[in-house]
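Novice: A single structure is presented below for examination.
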Amino acid sequence: MRRCGLGACIAIGACLALPLSAAAHPTQYGPAHTSLTASTSPALFTRGVYGKDASVSGYREMAATGFNTVMTGPYPELLGNVAAEGMKAVVWLGNFINAPRCAFEKDDNTVTGLLKVIAGNQVIAAYYLGDEPHVTECPQAPALFKQRTALLHALDPGSQTFTVIQASENGVSHDYAPWGGAVDIIGFDVYPCVRSSSMCNFNAIDAAIAAIKAAGIRRYWAIVQDFQDCYYRLPTPAEMAAQFDRWATSNMAGYFVFSWNYQPANAACTGAALDGRADNIGVLKAQNGRVFGGNAAAGEHTAANRTTPDSAVLAIVLALAALLGVLGVVAVRARPRPHRGRPGASRDSPQDRGRDK
């Protein structure tokens, strides 16, 4: 085999170096997974929504609005409904019960049984381990979530885990630091619009973003308010857009809107369904078509989610330049030229090949 020319060697070396460069930068939650499936590809900028719509599948109107991810249960038929609409699923595996129990609703054996049926399904974007665990009531909760995350990684290699942390619990605000590393993706719910005020407190979102950064948490989704109950009121379309504007200053890797059809458990309170609300759906469609932060329209990477470092980008540029150089050399060599050997000698004779080296 011929030794490669300088340009060819640079091109080959750069191409070989690319996956090594990416692998050299694991996330803050431990070593990078080596078998990421399409369902957990970090290229997907999550545009999610809670709930179901009024269509037969429960997701068609959401998909038409531009959402690419929804919540569902841990059953193949439910995942099939999501896949039919070309969407990804965050799979609910039961809640975490706060004090005095401080434990998961479903034990490890139950979760293991559920995953035996669905693990590896490429529709799955993440597993939802529990909603709003309270570290003020259960100091051991982050460690329990970390253990459950390890179990899920073992049962479904390449999978991601998710939970939502509220902005304030028991009078303590932004207690985010204990949750760093507990799950792969953290959702932060900050609901700025309450019934007692005609003005939404958008500064609460700014404060949460600052606290997330101070806690060193890099991989997260924003949870955006689009519901009402006895305490919160439904944001107007302008107030919805303002929430996205505030979150746009963060390094979020995506967002979930709560909720398409939330109805409070208290029958005395009026919920809201988005079906038929053209103004509300219009603003959601506009936001779902928007580029946030560092996510590109084609690959939809985010600055917090990018796996290719700048050095690898430079390597790509060098590889392309080297490849062009190699192609130029090949083109020159391919031009017809007179034989330089003895009459009748083949172009492929040892004599001529030696001259061409």
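The values are calculated or read from the model by the stated rules, or taken from the named source; none is laboratory data. Nothing here was measured: the structure is a model prediction, and the numbers come from that model. Heads up, the Cβs are rebuilt from the backbone with ideal geometry, glycines too, and the neighbour counts pull from every protein chain shown.
Novice: What about Leu151, is it of a type outside the set (S, T, N, Q) and touching a strand residue (DSSP E or B) at 6+ places or on another chain (Cβ under 7 Å)? First the steps, then the outcome.
Specialist: Values: of a type outside the set (S, T, N, Q): yes; touching a strand residue (DSSP E or B) at 6+ places or on another chain (Cβ under 7 Å): no.
No: the conditions fail for Leu151.
Novice: If I ask for residues that are of a type in the set (Phe, Trp, Tyr) and out of contact with any strand residue (DSSP E or B) (no Cβ under 8 Å at 6 or more places or on another chain), which ones from the range 190-240 would you list? Before the answer, list the steps.
Specialist: Let us first name the residues in the range 190-240 that are of a type in the set (Phe, Trp, Tyr), namely 191, 202, 220-221, 227, 231-232.
Once the filter is applied, which keeps residues that are of a type in the set (Phe, Trp, Tyr) and out of contact with any strand residue (DSSP E or B) (no Cβ under 8 Å at 6 or more places or on another chain), the range 190-240 yields only Phe202.
Novice: Within the range 135-147, does at least one residue satisfy the condition of being surrounded by 20 or more Cβ atoms within 10 Å (Cβ to Cβ) and among the basic types (Lys, Arg)?
Specialist: The answer is no; no qualifying residue exists.
Novice: Out of curiosity, is Ala272 within 27 Å of Glu61 (Cα to Cα), modelled with pLDDT under 95 and surrounded by 16 or more Cβ atoms within 10 Å (Cβ to Cβ)? Give the steps one after another, and end with the answer.
Specialist: Numbers: within 27 Å of Glu61 (Cα to Cα): yes; modelled with pLDDT under 95: yes; surrounded by 16 or more Cβ atoms within 10 Å (Cβ to Cβ): yes.
Yes, satisfied.
Novice: Looking at the range 92-116 only, could you name the residues that are in contact with a Cys (Cβ under 7 Å, 6 or more places away or on another chain) and of a type in the set (Val, Ile, Thr)? Let's see the steps before the verdict.
Specialist: So the first thing to find is which residues in the range 92-116 are in contact with a Cys (Cβ under 7 Å, 6 or more places away or on another chain), and the list is 98-99, 102.
Result: no residue meets the conditions.
Novice: Can you tell me which condition Val70 does not meet? The list is (1) without any contact (Cβ under 8 Å) to a residue 24 or more places away in the chain; (2) surrounded by fewer than 22 Cβ atoms within 10 Å (Cβ to Cβ), and all the others hold.
Specialist: Unmet condition: (2).
Novice: Would it be correct to say that Asp184 is under 26 Å from Lys146 (Cα atoms) and in the same structural domain as Ala242 (by TED's automatic domain parsing)? Spell out how you get there, then give the answer.
Specialist: Values: under 26 Å from Lys146 (Cα atoms): yes; in the same structural domain as Ala242 (by TED's automatic domain parsing): yes.
When the stated conditions are applied, Asp184 passes them.
Matching residues to (1) under 21 Å from Ile223 (Cβ atoms); (2) β-branched (Val, Ile, Thr); (3) at pLDDT below 95:
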| position | (1), (2), (3) |
| --- | --- |
| Ala38 | no, no, yes |
| Val49 | yes, yes, no |
| Ala64 | no, no, no |
| Thr69 | yes, yes, no |
| Thr72 | yes, yes, no |
| Asn81 | no, no, no |
| Ala89 | yes, no, no |
| Gly94 | yes, no, no |
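Novice: Test Tyr220 against the criterion of being within 22 Å of Phe45 (Cβ to Cβ), of a type in the set (Ser, Thr, Tyr) and buried (at least 18 other Cβ atoms within 10 Å of the Cβ), and give yes or no. Write out each step before concluding.
Specialist: Working: within 22 Å of Phe45 (Cβ to Cβ): yes; of a type in the set (Ser, Thr, Tyr): yes; buried (at least 18 other Cβ atoms within 10 Å of the Cβ): yes.
So Tyr220 fits the description; yes.
Novice: Quick test for you: out of Gly48, Gly86, Gly80, Gly58, pick the one residue that is assigned by TED's automatic domain parsing to the domain that holds Gly113, under 15 Å from Tyr127 (Cα atoms) and not acidic (Asp, Glu).
Specialist: Working: Gly86 fails: under 15 Å from Tyr127 (Cα atoms); Gly80 fails: under 15 Å from Tyr127 (Cα atoms); Gly58 fails: under 15 Å from Tyr127 (Cα atoms).
Residue meeting the stated conditions: Gly48.
Novice: Right, another one. Report yes if some residue within the range 15-33 is modelled with pLDDT of 50 or more, part of a loop (DSSP other than H, G, I, E, B) and of a type outside the set (Gly, Ala, Ser); otherwise report no. Full working, then the answer.
Specialist: Step one: filter the range 15-33 for residues modelled with pLDDT of 50 or more, giving none.
Within the range 15-33, none of the residues are modelled with pLDDT of 50 or more, part of a loop (DSSP other than H, G, I, E, B) and of a type outside the set (Gly, Ala, Ser).
Novice: Are any of the residues in the range 232-244 buried (at least 22 other Cβ atoms within 10 Å of the Cβ) and in a loop (DSSP other than H, G, I, E, B)?
Specialist: Just the residues of the range 232-244 that are buried (at least 22 other Cβ atoms within 10 Å of the Cβ), to begin with: 235, 240, 243.
Now drop any that are not in a loop (DSSP other than H, G, I, E, B), which leaves 235.
For the range 232-244, residues buried (at least 22 other Cβ atoms within 10 Å of the Cβ) and in a loop (DSSP other than H, G, I, E, B): present.
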